[in-house]
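Participant: For reference, the structure I am asking about is given below.
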Amino acid sequence: SFLYVSGIDAFSFQEEAVTALKAFVARGGTILFDASLGLPYFTGHVRREIRRIVPFGTPRSLPPAHPLWSSLHRIDRVTYTAVLRRERPDLDAPYLEGIEVDGRLAVIVSPYDLGGGWQGDDHPLSRGYSPADAIRVLKPTLVDAATAKV
């Protein structure tokens, strides 16, 4: 099972939602948190809420050798939107963070907008992946590979 959560602003889950998300992860589910427009404000709230859902884990950068980067094809380099290229000219590798639970990737955090790229959105303020690379980095066919035991 796969759950996609995106946003741009502050949020917090109600206790009932935290309980349900903990159970979802325990049953083998994977949650992707995607910062729409790549806004760091949302990502900060994601990190706080993740501590409530998976208190024993902290999102860590997925290393180049992680299976996600070679599930269908090898992904070493990507193109980001113009704003992000100006802000981070050194950034040309794919970047996601994750938490593994029982040897599988259970939580994925994208601080750079994936959803806008999936939609082909060319928002001038977006800090995210180019449309072609957003699809290469993570798309529904990769979900099985992302959640597979490593």
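The values are calculated or read from the model by the stated rules, or taken from the named source; none is laboratory data. All of these numbers come straight from a predicted model, not from anything done at the bench. Backbone-built Cβ (ideal geometry, glycine too); neighbour counts: all protein chains shown. The accessibility values were calculated without ligands, DNA or RNA, using every heavy atom of the protein model including side chains. Shrake-Rupley method; radii C 1.70, N 1.55, O 1.52, S 1.80 Å.
Participant: Do we have Arg88 as open to solvent by 60 Å² or more (accessible area, probe 1.4 Å), free of Cβ contacts under 8 Å to residues at least 12 places away in the same chain and within 19 Å of Thr19 (Cα to Cα) here?
Facilitator: Values: open to solvent by 60 Å² or more (accessible area, probe 1.4 Å): yes; free of Cβ contacts under 8 Å to residues at least 12 places away in the same chain: yes; within 19 Å of Thr19 (Cα to Cα): no.
So Arg88 fails the test.
Participant: When residues of the range 91-100 are filtered for being touching a Leu at 6+ places or on another chain (Cβ under 9 Å) and either buried (at least 19 other Cβ atoms within 10 Å of the Cβ) or touching a residue at least 12 places away in the same chain (Cβ under 8 Å) (or both), how many remain?
Facilitator: Matching residues across the range 91-100 total 6.
Participant: Out of the residues in the range 78-133 that are outside any strand (DSSP E or B) and basic (Lys, Arg), state the one that is farthest from the chain's Cα centre (by Cα).
Facilitator: So in the range 78-133, the residues outside any strand (DSSP E or B) come out as 78-79, 81-96, 102-103, 111-112, 114-127, 130-133.
Still in the running and basic (Lys, Arg): 85-86, 88, 127.
Working: Arg85: 19, Arg86: 22, Arg88: 18, Arg127: 14 Å.
This residue is Arg86.
Participant: Let me ask something else about it. Can you tell me which residues in the range 17-54 are assigned to a strand (DSSP E or B) and not aromatic (Phe, Trp, Tyr)?
Facilitator: Hits for the range 17-54 are Thr30, Ile31, Leu32, Asp34, Ala35.
Participant: For the range 10-44, which positions are in contact with a Ser or Thr (Cβ under 9 Å, 6 or more places away or on another chain), at negative phi and not aliphatic (A, V, I, L, M)?
Facilitator: Phe24, Arg27, Gly29, Thr30, Phe33, Asp34, Ser36, Phe42, Thr43
Participant: So if I check each of Tyr129, Tyr80, which one is modelled with pLDDT of 90 or more and out of contact with any helix residue (DSSP H, G or I) (no Cβ under 6 Å at 6 or more places or on another chain)?
Facilitator: Working: Tyr129 fails: out of contact with any helix residue (DSSP H, G or I) (no Cβ under 6 Å at 6 or more places or on another chain).
So the residue among Tyr129, Tyr80 that is modelled with pLDDT of 90 or more and out of contact with any helix residue (DSSP H, G or I) (no Cβ under 6 Å at 6 or more places or on another chain) is Tyr80.
Participant: Taking the conditions exactly as written (in contact (Cβ under 8 Å) with a residue 24 or more places away in the chain and either basic (Lys, Arg) or touching a helix residue (DSSP H, G or I) at 6+ places or on another chain (Cβ under 6 Å) (or both)), does Ile75 satisfy them or not? Can you show your working first?
Facilitator: Values: in contact (Cβ under 8 Å) with a residue 24 or more places away in the chain: yes; either basic (Lys, Arg) or touching a helix residue (DSSP H, G or I) at 6+ places or on another chain (Cβ under 6 Å) (or both): yes.
Yes.
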